[in-house]
Structure formats: C-alpha cells, structure tokens
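Asker: This is the structure I want to talk about, given as structure tokens.
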Amino acid sequence: MLVVSFSAIVMNIGADIAGMGAVGNLLFPSIQATYFSIAFTIMLLVLIIYLPYQKIAAVLKYLCIVLLVYLIIPFLFKQDWVAVLKATFIPTIKFDKNFISILVAILGTTISPYLFFWQATMEVEDMKKKKKHLVVNKRIMHDMQQDVDFGMLFSNVVMFFIILTAGTVLFNGGIHQIDTVEQAAQALKPLAGNSAYLLFAIGVIGTGLIAIPVLSGSLAYIITETFSWKEGLDKKFHKAKAFYIIIAISLILGLSLNYIGISPIKALIYSAILYGLTAPVLIAIILHISNNKKIMGKNTNGKTSNILGFATLVLMTVAAVILVYMQLTEK
C-alpha cells in the first residue's frame, strides 16, 4: 500500500498545486501560474509545519464551506431537471475502456486508500488533544461512524454537482475535451457567466487548500508508521523531523510535476485510477480485521456493515479487473 499510495498521492498533490496555480493566473493574469503554484506550495508547507494540529483541523473544517460553491454553479445555468433526474437514476453504461476507467476513478476517489489512514490517525490526534486514553469504545466508534457518514454524503453530493456542471454546462456547450483547469474555468465563463467562472476558480483553490494537507499528511503517517518513526501533526518539527520532511518532499515532488509536462487533469485521473485499483486490497484487509474477534473483541462488524462492505469490495474488484483486462487485451 505504501509503494502504490506514494505515487498516487504525489500525482494528486501535483494536480492540485497545478490547478491552484492555473486559476490564480486566471484571476490575476499579470502573474504567471508557475509563481502561484510555488507560492501556494511554500505557504502550505509553512502552515503545516508551524501550525499545531488543533489550528490545522479548525482551518480544514471551515475551508470545507468553500465546497458549497460547486452546489451553486449548476443553478447559474438553465437546467432540464427532468432529464437530469432521469440520467441520474437510469444511467447510460458503456463497456469501453474510457467509461470503465472513469468508473474506477470515481470509485477510487470516493474510497481512497489514504482516507483510511487519515481517519484513524486524526482520531488519535483528537484523543491526544483531549488527553483521553487511546481506548476505542462504542461511543467513540459511533461518533466516528457519524463523522464518516456525513463526510461521505457531503463529498458525494459535491461530486454529483461537479459532474452535473461538466455534463450539462460544458458538454452541452460543445466542450468535450478538458486537458487543463484553465480550459474548464474559461469554458464556464461564456456558458454560465462570470459568477460561475469566479466560483469555480475559488472552489479549485479552496479544494486544493483542503486536499494537500490531508494528502501529504496521510502519506507522512503511512511512511512513519510503517518504519515506526516519530510522527504527528501535534509535534514540533524537531520532534518529528522525518514526518515533516516526508510532507515537504511530497509537496516538492508534486510541484515538480508542473515542469515535466503532465496535465493536471490527467494526473488527477491517473491518481484516482490507482486508488480504485488498490482500494479493494485494503478494503479486504479491513473487512478481515473488523470481523476478527481476536482483534475487535465484541466490536466486530454487524450484518449490515458486512453486507455493504463486501458489496463495495465486489463492485470495486470487478471494475478494477475489467479495466486491467481491457488494458491487457487492447491492441
């Protein structure tokens, strides 16, 4: 998981940095996108290293409000809501490589492997902050479940409206190929107006500010816990040097993708596909752990959790296998 997660997370970070730089340039054309990318990278690195965990958590929590802009954009364009609802509940399914690739990417970006590590480590950080013993009881598990349920619901609602904007505004407006974030933002301007254009730009920057600390932090936790190094956003730099150096390296490598010609859009898709291909392995391991009484005691999975968990495992595994098969048999 470490080997695969490293490349996927770095690509994801690079795509977010490039996207933030691109829309920064759109908002302030006199400043090159590269300068914005470098500035955002330095700013995030400084904030992650010097802000204590409580401040980082508070900033990320309120930055999530920025994601609400994606719910507004489709309403700035005249929609055929009957057609939207019909296409939502009766989707058109195609068994070709492009369709399956995007399906795997959507599954991968919804249930990404790094999220498991981030969720677990953040719970530990919260317990440390509140000076609680690191014992997981039913109340804590219930709170975690509510947290995850709300987060997944909110993220999928946001994703739905992003897809809605792409489908009804961009695609119906004749924009069938998006290679850069600038193209997406500029395409919205004549089709849905300046308001949608500005909201999209703000959304890209806000999303990057949320995602990059989570991505780099998750990677740092994965690596340091693998090798039993000191770790934690609650620690000062000199007490967890390896942890913060990994964060710095991931941001610098992500920034470097801007200079080797990889499209931010393609980097996002590739990283999401990698998540989709590797997530079933981690889901299988977690299902095994959560049903093991030697590990979980009385807190093993219930029937509903197992049904949903195994259904997710089967769906993601089938999608991943079909994609790999199509890649191998492609002439």
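Asker: Highest mean first, what order results for 82-90, 173-181, 30-38 on Cβ atoms within 10 Å?
Answerer: Final packing ranking: 30-38, 173-181, 82-90.
Asker: Quick check on my link table: of LYS128/LYS294; LYS86/LYS189; LYS86/LYS266; LYS55/LYS293; LYS78/LYS266; LYS55/LYS138, which ones sit more than 32 Å apart, alpha carbon to alpha carbon?
Answerer: As for pairs spanning more than 32 Å Cα to Cα, those are LYS55/LYS293.
Asker: Tell me which of ASN258, ILE100, MET141 sits at the most positive position along the dipole axis of segment 2-272, charges placed on C-beta atoms (Lys, Arg +1; Asp, Glu -1).
Answerer: So the residue furthest toward the plus end is MET141.
Asker: Using a Förster distance of 35 angstrom, determine the FRET efficiency expected from the C-beta separation of ALA284 and PHE75, and round it to 0.05.
Answerer: That gives a FRET efficiency of 0.30.
Asker: Further, regarding this structure: Would segment 2-272 count as rounded, prolate or oblate if I go by the C-alpha gyration tensor, calling it rounded below 1.5 in a/c and otherwise prolate when a/b exceeds b/c, oblate otherwise?
Answerer: Verdict is prolate for segment 2-272.
Asker: Which whole-angstrom value gives the distance between the alpha carbon centres of segment 222-284 and segment 19-97?
Answerer: 19 Å
Asker: To the nearest 20 Debye, how big is the dipole of the chain about its Cα centre, given +1 on the beta carbon of each Lys and Arg and -1 on that of each Asp and Glu? Working shown, then result.
Answerer: Details: 25 positive and 15 negative charges, 213 e Å.
Roughly 1020 debye, rounded to the nearest 20.
Laboratory data are not the source of any read-out in this text; all were calculated from the coordinates shown. All figures in this text were calculated on a predicted structure; none of them were measured in a lab. A quick note on method: Cβ atoms are made from the backbone with ideal geometry, for glycine too, and the neighbour counts reach across all protein chains shown.
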